[in-house]
Amino acid sequence: MKSIISQFALVVLSFCVSYSLAAQDEKPLVVATASIFADMAQNIAGDEVRIVSVVPIGGDPHTYEPTPSDAQLIAKADLILKNGLTFEGWLSELIENSGTKADVKLITEGIVPIGSQTYANSSDPHAWMDASNGLKYIENVKDALVKLLPDFKEQFEFNYGVYRLQLEEMDTYIQTEINKIPAEQRVLITSHDAFQYFGRRYGVRLESVLGTSTDAQVQTSDMKRLVKVIKETGVPSVFVESTINPKLLEQLAEDNGVSIGGQLYSDSIGDKDSPAPSYWDMLKHNTDTIVKALSAEKKAVVVEEGEGGATSWLLWGILGLLLIGGFFVVARQM
Ligand SMILES: [Zn+2]
């Protein structure tokens, strides 16, 4: 009897699981190229769609190599959200080969791009790092979602309205916080050039080892340039990024007596247990980390060494005088 009941329970359970999976499958599939954009869509669409990011959390979208399962995902998609501005060089081929019928929405539409400093006729893709651009992103994402599911227009507009207010407040928060850093120390040194939009909006000078993409080779001249910047500005910290190997920056910090100010999130949000599990959290975490590290006293260690140096010169001086004095005393007695 017991086994009949448990078998029945198993059948009911498997029915429920397959039913809920089928329900998931029935929902429209929204594919975002990176986790930041998937999070934006999630905030507006809630549970009404299934949202998947091609590049997983912590992955590097610049150098990503799509897998066969990505091609299947794109083929099944109802809507594709892409950044453009040379961020996802791998996407066009993936779309072509998959034969997808999905709408492809460029979510940087209406944003004034910054030209790449490294490559001619190329743009810096990291426009989301400026929260006021973030407002444009979420408007584009909302429009695409409403077009996909017009019946949910009211719900999506409402969620978008709430989200918009949160990002507007974040934009003000970032500026207020950045203003607390002593003006001459508003210099951000990172692994790759992901913060140009952030710097343009909030008034921070940017320097990085790599250019706007991470697939470039590190040049000795780049390292020399950064050493010069550290020396000239006396900036107290440099920063590593969650999607890039930190070794180079750690070496730079060690060689120049500056600290690692913390880990910044630029091309991906963090996982659930990280301090940046969403786009909003990412902006806040980056700002708080930057402000805390760059507000630190300018090269405190060096100043202490300088004082130590002065003290020891004074001691040597007194010792020298005592020796000369002693010599004269001895000489007079002779
Ligand atoms: Zn990047």
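The values are calculated or read from the model by the stated rules, or taken from the named source; none is laboratory data. If you're wondering where the values come from, they're calculated on a predicted model, not measured in any experiment. Virtual Cβ from ideal backbone geometry, glycine too; neighbours counted across all protein chains shown. These area figures cover heavy atoms from the full protein model, side chains too; ligands, DNA and RNA do not enter into them. Shrake-Rupley method; radii C 1.70, N 1.55, O 1.52, S 1.80 Å.
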When every residue in the stretch 231-288 that is farther than 18 Å from THR214 by Cα and basic (Lys, Arg) is compared, the one surrounded by the fewest Cβ atoms within 10 Å (Cβ to Cβ) is LYS272
Quick check on this structure: which one of GLY99, GLY110, GLY115, GLY161 is within 16 Å of the ligand (Cβ to nearest atom) and assigned by TED's automatic domain parsing to the domain that holds VAL31? GLY115
Can you tell me which residue among SER266, SER208 is within 24 Å of ALA183 (Cα to Cα), within 16 Å of the ligand (Cβ to nearest atom) and either free of Cβ contacts under 8 Å to residues at least 24 places away in the same chain or not assigned by TED's automatic domain parsing to the domain that holds THR190 (or both)? SER208
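Checking the condition in contact with a helix residue (DSSP H, G or I) (Cβ under 7 Å, 6 or more places away or on another chain), at pLDDT below 95 and in a helix (DSSP H, G or I), which residue from GLU177, GLU184 passes?
The unique qualifying residue is GLU184.
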Find the residue count for the stretch 207-219, including only residues that are open to solvent by 10 Å² or more (accessible area, probe 1.4 Å) and over 14 Å from the mean Cα position of the chain (by Cα). 8
Applying the selection to the stretch 51-96, what residues are touching a strand residue (DSSP E or B) at 6+ places or on another chain (Cβ under 7 Å) and either among the polar types (S, T, N, Q) or assigned by TED's automatic domain parsing to the domain that holds VAL240 (or both)? SER53, THR86
Selection from the stretch 188-205 of residues that are more than 16 Å from the ligand (Cβ to nearest atom) and either surrounded by 17 or more Cβ atoms within 10 Å (Cβ to Cβ) or outside the structural domain of ASP288 (by TED's automatic domain parsing) (or both): ARG201, TYR202, VAL204
Return only the number of the condition from (1) assigned by TED's automatic domain parsing to the domain that holds LEU283; (2) under 23 Å from ILE111 (Cβ atoms) that THR172 does not satisfy. (1)
